[in-house]
1. Kindly check whether there is at least one residue in segment 391-403 that is touching a strand residue (DSSP E or B) at 6+ places or on another chain (Cβ under 8 Å) and within 16 Å of the ligand (Cβ to nearest atom).
2. Output the residue which, of all residues in segment 108-132 that are within 30 Å of Glu257 (Cα to Cα), free of Cβ contacts under 8 Å to residues at least 40 places away in the same chain and not hydrophobic (A, V, I, L, M, F, W, C), is nearest to the ligand (Cβ to nearest atom).
3. Among the strands (runs of 3 or more DSSP E) confined wholly to segment 1-107, which include 1 or more residues that are of a type in the set (Asp, Glu) and in contact (Cβ under 8 Å) with a residue 60 or more places away in the chain?
4. When you scan segment 420-466, how many residues do you find that are within 16 Å of the ligand (Cβ to nearest atom) and crowded, with 16+ Cβ neighbours inside 10 Å?
5. Take the conditions surrounded by fewer than 21 Cβ atoms within 10 Å (Cβ to Cβ) and assigned to a loop (DSSP other than H, G, I, E, B) and apply them to Gly142. Does it pass?
6. How many residues are aliphatic (A, V, I, L, M) and more than 16 Å from the ligand (Cβ to nearest atom) if we restrict to segment 363-389?
7. Identify, by number, the condition in (1) at pLDDT 95 or above; (2) over 30 Å from Val390 (Cβ atoms); (3) basic (Lys, Arg) that Arg319 doesn't meet.
8. For the list (1) near the ligand (Cβ under 9 Å from one of its atoms); (2) surrounded by fewer than 22 Cβ atoms within 10 Å (Cβ to Cβ), I need the number of the one condition that Pro88 fails.
Amino acid sequence: MENQVIHMSAIHAILPQLQAIYPEDRISVNRAVLEQHARDQSAHEPHLPDAVVWPLTTEEVSQTLRLAYDARIPVTPWGAGTSIEGNPIPVAGGVVLDLSRMDQILTIHDKDFQVTVQPGVLYKDMNKILARYGLFFAPDPGANASIGGMLANNAAGIRTVKYGATRDNVLALEVVLADGRVIRTGSRSVKQSAGYDLTHLFVGSEGTLGVITEATLKLAPIPAHVSAAVARFPTVADAAEAVFDIIGAGLEPAALELLDATAVKILNTDPDIPPFPEQPALFMEFASSHETALADTLDMVRELCQEHRAQGFDTGVGRQERARIWHARHHLFEAHVRYFAGQSFLVGDAAVPISHYPELIARTAALMEEMGVVGSLLGHAGDGNIHTIVFYPPENDEARQRALAFNDAFVGLALEREGTCTGEHGVGLGKRKFMAREHGLALEVMRQLKQTLDPRGILNPGKVLP
Ligand SMILES: Cc1cc2nc3c(=O)[nH]c(=O)nc-3n(C[C@H](O)[C@H](O)[C@H](O)COP(=O)(O)OP(=O)(O)OC[C@H]3O[C@@H](n4cnc5c(N)ncnc54)[C@H](O)[C@@H]3O)c2cc1C
């Protein structure tokens, strides 16, 4: 880095200038407000920023960054704070740039299946509005995340198996660079071949390369016919084999989620869904414009599941029940936290090519047992992604070390199988230690990119790069 970022106390030097940009109700050094911006949804240690500001315009973001750049003050962008890898925790203090009030849908290009938005728009709110046009933005992390946070983490979710991750659904960005310059990347053309792909450089950069102030996203039509199915298996390995066959047969599920028996037990704590037998299960959804095609697909899926010892295959899931099941699935992380109340936890998030998925699942389940860790195994199986959630008593250091050792071994299993240490949660704080192993010399190129775009290291310092 050109220079070390100056320590947090320097904030006082620029406070008057920040107060000149922001009216009283959009800047705060209040302890309670700082605490709200000190932690995300993970168990990573919180850290207070020195000030929080709420810009309304790109110009305000630019002025803030110019100021911070000159004074070498850290700036951490903030969306909805729902990350689970410590991504928005302001570990070096400084200013948190809370983008939640830049929440306008700017243009709905319905004929092009596109929308241009500010970064603070929450995707669930946006999809309610887009539904009036028969359209939706497909990537869907469980929490009601902001579009800026989803772009910055390259979030994904249960629909990624059919529609791709956030990265696959963005066409153009407006980004404010560390020194305050404003650039536009990409275009609204779905085909783009003009020069380096800066749009996708900023996607997944976790606020370390620039601040996204506008995005043009791809939308999908809401499918006419949708059907859900739930299949139960004797082991998670059987379920994972069925996943491989379903994807291999080209059946294109709209969602394909794997839950182990513990995860099903915790799903059952949701009072709005019917209780499921506590067995490893696949929750699936298929979409089509023709009802008969949908029925044929479900028949084939049933056969494939039965080949892998499925003990139940329920397709009689109605529209309302389906919505309730997906709602419960989306909130399964919080349900785990409630179920293991008072315990600390570690969330794993690895992904591998689908051909390695059955082995990854079998080995991970065995590893949990061998290492005696408590928790569950669940994930977006259709795209080779699996999460582990491991709980341990906060005061028990031995159990904590065991949870960490389990997570290291779990990531190791994925990396040995041509996979990645994070399929969707991003690197944040917790995955930095795997970056060298996963990327080798490419990590040096990442450092050079960071140096070029943020020479003073003010943007979300302490994240992504080890
Ligand atoms: C219950 C639950 C379920 C979840 N399920 C999933 C899931 O299925 N899939 C998944 O991918 N994630 C999931 N997550 C994690 C989280 O919701 C996503 O990572 C989401 O993208 C975070 O968005 P956010 O708006 O909360 O961003 P934040 O947490 O506020 O920030 C995320 C990162 O983006 C940066 N950032 C924010 N806004 C901008 C901007 N405008 N410009 C530049 N950088 C910015 C921040 O500095 C930070 O590094 C889940 C979380 C919870 C709590």
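1. Scanning segment 391-403, I find at least one residue that is touching a strand residue (DSSP E or B) at 6+ places or on another chain (Cβ under 8 Å) and within 16 Å of the ligand (Cβ to nearest atom), so the answer is yes.
2. So, considering only residues that are within 30 Å of Glu257 (Cα to Cα), free of Cβ contacts under 8 Å to residues at least 40 places away in the same chain and not hydrophobic (A, V, I, L, M, F, W, C), the one nearest to the ligand (Cβ to nearest atom) is Tyr123.
3. 95-98
4. Of the residues in segment 420-466, 27 are within 16 Å of the ligand (Cβ to nearest atom) and crowded, with 16+ Cβ neighbours inside 10 Å.
5. yes
6. 7
7. Answer for Arg319: the failing condition is (1).
8. It fails just one condition, (2).
The values are calculated or read from the model by the stated rules, or taken from the named source; none is laboratory data. Predicted model, so just to flag it, every value in this text is computed and none were measured. Cβ: placed from backbone, ideal geometry, glycine included. Neighbour counts: every protein chain shown.
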